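Engineer: Dropping a structure here in C-alpha cells format, bear with me for questions.
The values are calculated or read from the model by the stated rules, or taken from the named source; none is laboratory data. The structure presented is a predicted model; accordingly, all values stated were derived computationally and were not measured. Glycine also receives a Cβ, built like all others from the backbone with ideal geometry; neighbour counts cover every protein chain displayed. Heavy atoms of the whole protein, side chains included, go into the accessibility calculation; ligands, DNA and RNA do not. Shrake-Rupley method; radii C 1.70, N 1.55, O 1.52, S 1.80 Å.
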Amino acid sequence: MLRIWFLSLAQSTLGQYMQTSKWGFAVVEAIHLLALAILGGAVLIQDLRLMGLVFKEEPMRRINRDMGRTLLGSLVIMVLSGIALVSEEALKCYYNPAFRWKMVLLVAVIVFYFTLHRSAINRSTEESRAGDRIIGAISIFLWLGVGVAGRAIGLI
Amino acid sequence: MKLRFLLVVVAAFAISTEAYAHHSFSAEFDGTKPVRLVGKLTRVEWTNPHSYFYIDVVDKNGNVTNWGCEGAGPGALSRRGWKKGDLKIGDTIVVDGYRAKDGSHLADARRVTLPDGRSIYGGTPGDGGPGDDGTVQGVLPNTGTKK
Amino acid sequence: MPVLQHMCQVIYDSPIGTAIRESDYAFPVIESVHVLAITLLVGTIAVLDLRLLGLVFRGIPVTRVARTVFPLTWSGFAVMLASGLLLFWAEAAKNYSNPAFRIKLVLLVLVGLNPLIFHTTIYRRVHEWELLECSPWRARAAALASLSLWGGIIVAGRAIAYF
C-alpha cells in the first residue's frame, strides 16, 4: 500500500523534474547536506546540555528555546529536500533496506523528540538527573542512526 | 578583507554548481539510451567509490572501440557475490546499461554477465537509474533478463 | 610530471592507499565518518557564528558560547582531518586534477585564516561587547565569512565525486 505513495511521488511533477534534470539532484543533495550540518549542531548542543555536559550554568529551557527552533527549522529543510531526493528514485528507495531503516529511525526520533525528550526538557532542573542523561544519549544515538542509514543508502 | 572572502566563496559556489556532469544517474547517463556491450576486458579498476571495467567492443566491420563501464564500489559488488578475482584481463563479458549523456564511450554497468554465466547487478545503489522495477535486480529494457 | 603531481601519484600507488581504495568496508566507513563528523565540526561552530549574528542565545555572553563550542569543534576538526587524510591517501592522484578538491583546499585555508584574523583583532576586546545581543560588525563579518566558507567547503567536498 505504501508502495503506491512512492509510485505517485515518482510520477509527480517533482519526480519527473528530478529524474530528468541534469543538476537538480546535485543541488538538492547539497542543500540536504548543509541542513544536516546545522541540524547536527543543534542536536549536539541541546542533548549535551540535557546530559549536563555543556552550558551547565544555563537553564535547559533557555538552551532549548533557540536550539529547538534551529533543530526544527533545519529538520523541515531536510525533510523537504529529502522528499525531492526520493522522488528521483522512489521505487529504488522503497525497496532499499538502508532507506527503510532511515525512515523507521527518523519517525522514532521525531516521536521521541516530541514526547519523552520534551518532558525531560520541561522538568529539567539545575543538576542533570540520570534519566535526563539517558534520554540525551538515546536522542544522539537515534539521530546518528538516521545519518548512518542515510549514508548507507548509496552503499549497499 | 572579509568582502574578498565572500567573493571567493561566491565564485566557488558558482564554479562548483556549474560543471555538474556526474552523479545521480540522470546527471551522467541517459535513461533513454540503453546499450548492450559485449567485449574483452582490457582493464579493471576495482576501486571506491566506483569500479570501472574497460572492454574492447568489436563492431560488424571489425572496428574496435574501448568502452568504459562504471559500476558500484567493491563493497557493494562483493555483497552481490562478485569478487575482484572473478574477472581476468581478456575475459569476455556482457554489459547491459545506459550510455553516458555526453556521448562518450561510457556506460553504467547495470547488469554484467560474467564469463561463468552469472548475471550480476553492477549498478551503483541509490543513483536513481531507470529500468528498475525498484528491486535491486531489476528488469532492463530490450534485454529480457530478470532475476 | 610536476613534483606535486608525482608525490600524489606515489601516495596513491602506496600499499595503504591502494588497500583503502580497493577495500570493501574501509573506504565506505572512513567516508561516512567524514560526512557525519561535519555536524561536530561545522554544526557547532555555526552555533557560535549564529550567536555573533545575534540569532541565537542572545542572553548568553559570547565568551561562554565560544568556550562551550570550541572543544566540540576541535574534536570535529581532529576527526575530519584524520578521515580526510585517509581519503586523500586513497585518492591522491585523482584529487590532484580535481577542480572541486582544489577549491575545497583553498577554502579550507581561508576558513583557517578567518578565525586567526578574528582572534587577533576584534575578539581581543571581546569583554567590551560579549554581552551585546548583536556583536560589532567586524565580528558579524567574521561569522558570515565562517558560515559561507564552511558551506562552500561542504558543497565543494560533495562535488569532488562529480569530476
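Engineer: Pick from segment A:1-28 the residues that are within 14 Å of chain C (Cβ to nearest Cβ) and in contact with a helix residue (DSSP H, G or I) (Cβ under 6 Å, 6 or more places away or on another chain): which of them is modelled with the lowest pLDDT? Quick ask: steps written out before the conclusion?
Structural biologist: Within segment A:1-28, the first condition is being within 14 Å of chain C (Cβ to nearest Cβ), and the residues that meet it are A:22-28.
When the remaining residues are screened for being in contact with a helix residue (DSSP H, G or I) (Cβ under 6 Å, 6 or more places away or on another chain), the result is A:22, A:24-25, A:28.
Working: A:LYS22: 82, A:GLY24: 90, A:PHE25: 90, A:VAL28: 96.
Within segment A:1-28, the match that is modelled with the lowest pLDDT is A:LYS22.
Engineer: Given the criteria open to solvent by 70 Å² or more (accessible area, probe 1.4 Å), at pLDDT 95 or above and of a type outside the set (Ser, Thr, Tyr), does C:VAL106 qualify?
Structural biologist: yes
Engineer: Further, regarding this structure: Can you work out which of the residues in segment A:75-101 that are hydroxyl-bearing (Ser, Thr, Tyr) and more than 15 Å from A:HIS32 (Cβ to Cβ) is surrounded by the fewest Cβ atoms within 10 Å (Cβ to Cβ)? Working first, answer last.
Structural biologist: Keep residues of segment A:75-101 that are hydroxyl-bearing (Ser, Thr, Tyr), which gives A:81, A:87, A:94-95.
Retained after the next criterion (residues that are more than 15 Å from A:HIS32 (Cβ to Cβ)): A:94-95.
Details: A:TYR94: 20, A:TYR95: 16.
Among residues in segment A:75-101 that are hydroxyl-bearing (Ser, Thr, Tyr) and more than 15 Å from A:HIS32 (Cβ to Cβ), the one surrounded by the fewest Cβ atoms within 10 Å (Cβ to Cβ) is A:TYR95.
Engineer: What are the residues in segment B:57-76 that are open to solvent by less than 50 Å² (accessible area, probe 1.4 Å), free of Cβ contacts under 8 Å to residues at least 40 places away in the same chain and closer than 28 Å to C:LYS94 by Cα, if any?
Structural biologist: B:VAL57, B:GLY68, B:PRO74, B:GLY75, listed by residue number.
Engineer: Continuing with the same structure: Would you check which residues across segment C:24-45 are among the small types (Gly, Ala, Ser) and surrounded by fewer than 19 Cβ atoms within 10 Å (Cβ to Cβ) and list them?
Structural biologist: C:ALA26, C:SER32
Engineer: Further question: Name the residues in segment A:46-63 that are open to solvent by less than 30 Å² (accessible area, probe 1.4 Å) and more than 19 Å from A:GLY145 (Cβ to Cβ), would you?
Structural biologist: Scanning segment A:46-63 gives A:ARG49, A:GLY52, A:VAL54, A:PHE55, A:GLU58, A:MET60, A:ILE63.
Engineer: Within the set of pairs 6 or more residues apart or between chains, which connect a residue that is away from chain C (no Cβ under 11 Å) inside segment A:55-80 to a residue that is hydroxyl-bearing (Ser, Thr, Tyr) and not in a helix (DSSP H, G or I) with Cβ atoms less than 7 Å apart?
Structural biologist: Note: pairs meeting the criteria are A:MET60/A:SER124.
Engineer: In addition: With modelled with pLDDT of 90 or more and either part of a strand (DSSP E or B) or in contact with a helix residue (DSSP H, G or I) (Cβ under 7 Å, 6 or more places away or on another chain) (or both) as the only criterion, which of B:GLY39, B:GLY97, B:GLY31, B:GLY90 stands out?
Structural biologist: B:GLY39
Engineer: Restricting to segment A:102-156, name every residue that is within 14 Å of chain B (Cβ to nearest Cβ), open to solvent by less than 40 Å² (accessible area, probe 1.4 Å) and part of a loop (DSSP other than H, G, I, E, B).
Structural biologist: Selection gives A:ILE153, A:GLY154.
Engineer: Mind listing whichever residues of segment C:110-157 are within 30 Å of A:VAL27 (Cα to Cα), open to solvent by 70 Å² or more (accessible area, probe 1.4 Å) and either more than 10 Å from chain B (Cβ to nearest Cβ) or aliphatic (A, V, I, L, M) (or both)?
Structural biologist: C:LEU113, C:LEU144
Engineer: Further question on the same structure: If you go through segment C:46-80, how many residues are open to solvent by 30 Å² or more (accessible area, probe 1.4 Å) and assigned to a loop (DSSP other than H, G, I, E, B)?
Structural biologist: The total comes to 4.
Engineer: Next up: Can you name the residue in segment B:2-28 that is of a type in the set (A, V, I, L, M, F, W, C) and crowded, with 19+ Cβ neighbours inside 10 Å and, of all such residues, is modelled with the lowest pLDDT?
Structural biologist: The residue in question is B:ALA12.
Engineer: Would you mention how many residues in segment C:1-30 are assigned to a loop (DSSP other than H, G, I, E, B), closer than 19 Å to B:ARG79 by Cα and of a type outside the set (Phe, Trp, Tyr)? Quick ask: steps written out before the conclusion?
Structural biologist: Restricting attention to segment C:1-30, the residues satisfying the condition of being assigned to a loop (DSSP other than H, G, I, E, B) are C:1-2, C:14, C:22-25.
Keeping just the survivors that are closer than 19 Å to B:ARG79 by Cα gives C:22-25.
In the following step, the residues that additionally are of a type outside the set (Phe, Trp, Tyr) were identified as C:22-24.
Of the residues in that region, 3 qualify.
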